[in-house]
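Okay, so here's the structure we're looking at.
The values are calculated or read from the model by the stated rules, or taken from the named source; none is laboratory data. Keep in mind the model is a prediction, meaning the values are calculated, not measured. Neighbour counts run over all protein chains shown; Cβ positions are idealised from the backbone, glycine included.
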Amino acid sequence: MTNETNDTNFIALLTLGDMRLLNIKVPEHLADDPDDAVLGLPRSAALILAERILNIWKVPQGDIAVFLADIADEALSNLLVIYQLLQVLFPRNEPSKYVHTNNKNYDDRTTWQAIRDGESLKVRKYLEHKSLGGGW
């Protein structure tokens, strides 16, 4: 779903161009749309998806509830994109292993700790850099 109405409850994910670069399948009904078209979700659907992702990552239920209670739109968007980037980078590995492994790029914290501590944009940018071979 692209945001043609600038709905404030719309959570932007990736541009179709980013999806094509990452070899993520573009929905068939959007196949002819331009690269700068944005794929996104209504906030309510994004929150449901975020909860599922955090469960897949084996984040404790109490942490999930606290994290999602007041999550900003940008952090919600970043979380969903981080999930997609991890699927691209590690298609055969269990995602929770990466998310719960200390990483020097996050001051020896885990990816989840960095996200939880409000650094989802930093995590997203790092994973975009890794998945796009250095970015543009």
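Below is a table of values for the structure above.
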| read-out | value |
| --- | --- |
| Some residue of the range 61-82 being small (Gly, Ala, Ser), loosely packed, with under 13 Cβ neighbours inside 10 Å and at positive phi | no |
| Close pairs (8 angstrom Cβ cut-off, 6 or more residues apart or separate chains): free of Cβ contacts under 8 Å to residues at least 24 places away in the same chain in the range 29-48, among the β-branched types (Val, Ile, Thr) and not in a helix (DSSP H, G or I) anywhere | ASP35/THR15; ASP36/THR15 |
| Flag if LEU85 is surrounded by 19 or more Cβ atoms within 10 Å (Cβ to Cβ), in contact with a Gly (Cβ under 9 Å, 6 or more places away or on another chain) and closer than 15 Å to LEU127 by Cα | no |
| Selection from the range 88-125 of residues that are surrounded by fewer than 16 Cβ atoms within 10 Å (Cβ to Cβ) and among the aromatic types (Phe, Trp, Tyr) | PHE90 |
| Looking only at the range 78-136, and only at residues there that are assigned to a helix (DSSP H, G or I) and in contact with a strand residue (DSSP E or B) (Cβ under 8 Å, 6 or more places away or on another chain), the one that is nearest to THR15 (Cα to Cα) | VAL81 |
| Which listed residue is surrounded by 16 or more Cβ atoms within 10 Å (Cβ to Cβ), of a type in the set (Val, Ile, Thr) and modelled with pLDDT of 90 or more, from ILE11, ILE48 | ILE11 |
